[in-house]
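Okay, so here's the structure we're looking at.
Readers should treat all values here as calculations from the given coordinates under stated rules, not as data from a laboratory. Keep in mind it's a predicted model, so treat the numbers as computed, not measured. Every residue, glycine among them, receives a Cβ derived from its backbone with ideal geometry; neighbour counts consider all protein chains shown.
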Amino acid sequence: MAAIRKRVLCPEQLRYVPPQFSWIDHRLVRDRHIVGRSAEALALYLFLVTVADGQGLSYYSDAGIGKVLPLDGPALARVRQELIRARLIVYEKPLYQVLSLDKPDGPPRRAGPRLGVPQTLGQIIGEMELPT
């Protein structure tokens with residue numbers, strides 16, 4: 001198995017330890033980031049916050065997440081998109097990045113070699129924010 005090269009996916013929204021000394025930022029509640037999220041999406045978010053490194057990065061596979069959370073492939077894909085639309089995470093297989101809760105100036109930019117790389121229509125549609 002090849003080693004996974006970790007890289008920050010969204011550098012302008014790199015998370016940091018908030019003043020209350022916890023990776024679980026109180027702004028999740030105070031700024032209502034959790035309002036309207038499904039229980040499954042919140043479970044995935046908690047899992048990712050727990051396993052992420054200091055930059056918010058983790059690379060658990062769908063199968064690895066499925067061993068811990070009661071989510072099959074389609075459910076995991078659905079709740080992952082829910083968190084992406086809420087701008088709580090970004091995902092570029094195999095990497096997840098938990099994002100800072102600070103408000104960015106614009107939409108998340110992806111870092112790394114994918115910039116300027118052609119994408120299939122399916123990839124573009126998969127990354128679109130759809131109305132809920």
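Going 7 Å from the Cα of residue 46 toward and past its Cβ, which residues in the stretch 53-89 have a backbone nitrogen under 13 Å from where you end up?
It comes to 69-70, nothing else.
If each residue of separation counts as 0.36 nm, what is the full-extension length gain between residue 39 and residue 27 once their alpha-carbon separation is subtracted? Kindly include the intermediate steps, with their values, before the conclusion.
Details: separation 12, 0.36 × 12 = 4.32 nm, distance 1.79 nm.
Gain on stretching residue 39 to residue 27: 2.5 nm.
May I ask you to list the chymotrypsin sites (Phe, Trp or Tyr not before Pro) in the stretch 1-80 that are in a DSSP loop and have at most 11 other Cβ atoms within 10 Å of their Cβ? Walk me through the numbers before you get to the answer.
Numbers: sites: 16, 21, 23, 45, 47, 59, 60; in loops: 16, 21, 23, 59, 60.
Here the chymotrypsin sites (Phe, Trp or Tyr not before Pro) that fit, given the DSSP loop and packing criteria, are 21.
Given axes a ≥ b ≥ c from the Cα gyration tensor, I'd like to know whether the stretch 1-90 is rounded (a/c under 1.5), prolate (a/b larger than b/c) or oblate. List each step's numbers first, then the result.
On the way: a/c = 1.78, a/b = 1.13, b/c = 1.58.
Cα axes put the stretch 1-90 in the oblate bin.
Which cross-chain or sequence-distant (5 or more) residues have an amide H under 5 Å from the amide H of residue 89, H modelled 1.01 Å from N in plane?
For residue 89, whose amide H was placed from the backbone, the distant partners under 5 Å are 84, 99.
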